[in-house]
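These notes are about the structure you will find just below.
The values are calculated or read from the model by the stated rules, or taken from the named source; none is laboratory data. For clarity, every value in this text was computed on a predicted model and none was experimentally measured. A quick note on method: Cβ atoms are made from the backbone with ideal geometry, for glycine too, and the neighbour counts reach across all protein chains shown. In case anyone asks, the SASA skips ligands and DNA or RNA and just uses the protein heavy atoms, side chains included. Shrake-Rupley method; radii C 1.70, N 1.55, O 1.52, S 1.80 Å.
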Amino acid sequence: MYLKYFSLFTLTILTLSCSSQKKTKLETSDKKPNVLIIFPDQLRRYSAGFWSEAPYKDFVKGKSDPVVTPNIDGLAKNGIVFTNAISNFPLCSPYRGMLMSGRYPEQNGIWNNCKIGRKHSLKDDISTIPDLFLEAGYNTSYFGKCHWLKNDPLFDKNGNYVGTTEAPGGHHVNKYDTYVPSDKRHGIEYFYQALKDEHFNPRIYSNDPDAIEGKKDGELHLPKMFSAKNEAEKIISYLHNKKYRDPNKPFCMIWSMNPPHNPWDDANTDMESLHEHYDTDKYPHIDKDLVVRKNADVTIANYARHYYANVTSADKYIGYVLEELKKTGELDNTIVIFSSDHGEMLGSHGLTGKNVVELESLAIPFIVHWPEGVDAGISDIIMSVPDVLPTVMGLAGIDKDIPNDIEGTNYASLLTAPSKSDLKKPEAALIMLGNSRGVQTNRYTFCVQENKKPWDNKKATSVASVFFYDNEKDPYQLHQILASEQPEVTDKLLTTLSELLKKTNDPWYQNKKYSDLIPYQ
């Protein structure tokens, strides 16, 4: 396992310094850095062990989960830990649209989870991370869950892709995510896709016949193996596969693993991990020792053992890949981005899942690990999802290739040479839900909520509530502050919201929605 620790005396809180020795090495090297973006599904920000340790615990809003994650901890302690990264739209498909494209939903095409009967789909005519890194001379690969494509009935009854709704087509392979055919892959050279929320029975499609027992691209493969383990093994094999990877080229790899996404039951949980770390010998009951956040209902969070077990299991298989990179000498010159698509409520506010404005749903981990390029530290940048594409391109030294229509911000200079950067940190990030718009600042979570559920197809007719949380005074968000209680703060947040809606070409701005409330300029 990759467990490399550093002295905390070298950690500079919030102000990250880049050593002259490290800079000289980067400037004189002809070798472009590799890129590895890892994001387990539904991993909330504070589900990692390092948050319980100094100095990180001082930046936790509330209390962190009692999870065992030695490999994520290693990334954190040797990388830059972001304390304010959020999922601007805390839902699987909208996140992936923003991550892949560096654009907000109106420009990338995804305003809801891709699902049977919905038209949301990543636009074909926009560039993505794999497109841009392929053009820059990288080998590109994708492993795991995609969930960015419109789900049409283009399969036969056995789950094989036939590309037509006419017989033998006319079937779906899954309710939500669907197979991504070669003309929809946006520059992905090596493709290994996993479908469906069954962690020990993933539906696999790949363009590598050797990885799927000789099957063709589009033919369903069932490895009957824990999905994170299966993907880790295929990644390690790919790293040594000269048929698909040129060893003289850097690689850009995206790994989207499904655990710890639900279901949370024995059949979909790494039970070895549960028995070792979270069973009744260590936690006799599911109570406040296991579900530690003060806003959580432990009766709702009755799946905590299973959730944590799959967090630890995901960490284990991440460790396998990191260790292989270390063995091959590639790790130190690989930009590892570790994050998640959204969080998990785990009983907080009496809820499970995501797709709400509260921090357990909104707050995500974000770590940049690159020993040859950045010094370890902590950053308070309010990182939005569309910022990932331009920032990783900036870190890789191909920022001149960032398209003009990318909406995210390149924060690379604040990470590699902050003392020389004149780039300002953002004061706020936009929050979007199916029934809400809002703003996240260093202190406040602000929300304008309509009179409908986030998933309702019907149109809202009015604003149901305007409120915010003061996360400094109320880290568990137990008290919603109504607009009338603090009008001056509310007015400032409404102004910020209007600016972000305009900047992102949001439909609320286009239609000047609720203009009696939101001061559109």
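Things worth noting here:
- For segment 165-183, a residue qualifies if it is part of a loop (DSSP other than H, G, I, E, B), without any contact (Cβ under 8 Å) to a residue 60 or more places away in the chain and out of contact with any Phe, Trp or Tyr (no Cβ under 6 Å at 6 or more places or on another chain), and the qualifying residues are Thr165, Glu166, Ala167, Pro168, Gly169, Gly170, His172, Asn174, Val180, Pro181.
- Test: residue in segment 156-178 that is among the hydrophobic types (A, V, I, L, M, F, W, C), under 20 Å from the mean Cα position of the chain (by Cα) and surrounded by 15 or more Cβ atoms within 10 Å (Cβ to Cβ): no
- Members of segment 427-461 that are among the hydroxyl-bearing types (Ser, Thr, Tyr) and touching a residue at least 12 places away in the same chain (Cβ under 8 Å): Ser436, Thr441, Tyr444, Thr445
- Candidate set from segment 202-236 (those that are aliphatic (A, V, I, L, M), under 16 Å from Asn174 (Cα atoms) and buried (at least 18 other Cβ atoms within 10 Å of the Cβ)); member that is farthest from the chain's Cα centre (by Cα): Leu220
- Helices (runs of 4 or more DSSP H) contained entirely in segment 14-101, each with at least 3 residues that are surrounded by 19 or more Cβ atoms within 10 Å (Cβ to Cβ) and at pLDDT 95 or above: 70-77, 92-101
- Here Leu149 meets the list (1) assigned to a loop (DSSP other than H, G, I, E, B); (2) of a type in the set (A, V, I, L, M, F, W, C); (3) open to solvent by less than 10 Å² (accessible area, probe 1.4 Å) almost entirely, failing just condition (3).
- Here Leu239 passes the criteria (1) within 18 Å of Lys145 (Cα to Cα); (2) open to solvent by less than 40 Å² (accessible area, probe 1.4 Å); (3) over 21 Å from the mean Cα position of the chain (by Cα) except the one numbered (1).
- All conditions in (1) more than 22 Å from Trp255 (Cβ to Cβ); (2) in a loop (DSSP other than H, G, I, E, B); (3) open to solvent by 50 Å² or more (accessible area, probe 1.4 Å) hold for Glu198, with the sole exception of (1).
- In segment 281-309, the qualifying residues are those that are open to solvent by less than 80 Å² (accessible area, probe 1.4 Å) and of a type in the set (Val, Ile, Thr), and the one that is farthest from Gln477 (Cα to Cα) is Ile286.
- For Leu122, the requirement of being within 29 Å of Ala314 (Cβ to Cβ) and open to solvent by 10 Å² or more (accessible area, probe 1.4 Å) is not met.
- Looking only at residues in segment 471-521 that are within 14 Å of Gly438 (Cα to Cα) and of a type in the set (Asp, Glu), the one that is most open to solvent (accessible area, probe 1.4 Å) is Glu499.
- Hits in segment 60-111 (condition: β-branched (Val, Ile, Thr), touching an Asp or Glu at 6+ places or on another chain (Cβ under 6 Å) and over 23 Å from Cys447 (Cβ atoms)): Thr69, Ile72
- Contacts under 9 angstrom Cβ, first residue in segment 322-341 being without any contact (Cβ under 8 Å) to a residue 60 or more places away in the chain, partner open to solvent by less than 20 Å² (accessible area, probe 1.4 Å) and not in a loop (DSSP other than H, G, I, E, B), 6 or more apart: Asp332/Leu325
- Of all positions in segment 235-243, none carries a residue that is within 29 Å of Lys119 (Cβ to Cβ) and among the polar types (S, T, N, Q).
- Failed item in (1) farther than 17 Å from Met432 by Cα; (2) open to solvent by less than 10 Å² (accessible area, probe 1.4 Å); (3) hydrophobic (A, V, I, L, M, F, W, C), with Leu134 passing the rest: (2)
- Test: residue in segment 290-300 that is under 30 Å from Phe251 (Cα atoms), touching a His at 6+ places or on another chain (Cβ under 7 Å) and not in a helix (DSSP H, G or I): no
- Strands (runs of 3 or more DSSP E) wholly inside segment 407-521 containing at least 1 residues that are at pLDDT 95 or above and not hydrophobic (A, V, I, L, M, F, W, C): 436-441, 444-450, 463-470
- Selection within segment 110-119 - within 23 Å of Lys502 (Cα to Cα) and open to solvent by 20 Å² or more (accessible area, probe 1.4 Å): Trp111, Asn112
- Lys400 being open to solvent by 30 Å² or more (accessible area, probe 1.4 Å), of a type outside the set (S, T, N, Q) and not in a helix (DSSP H, G or I): no
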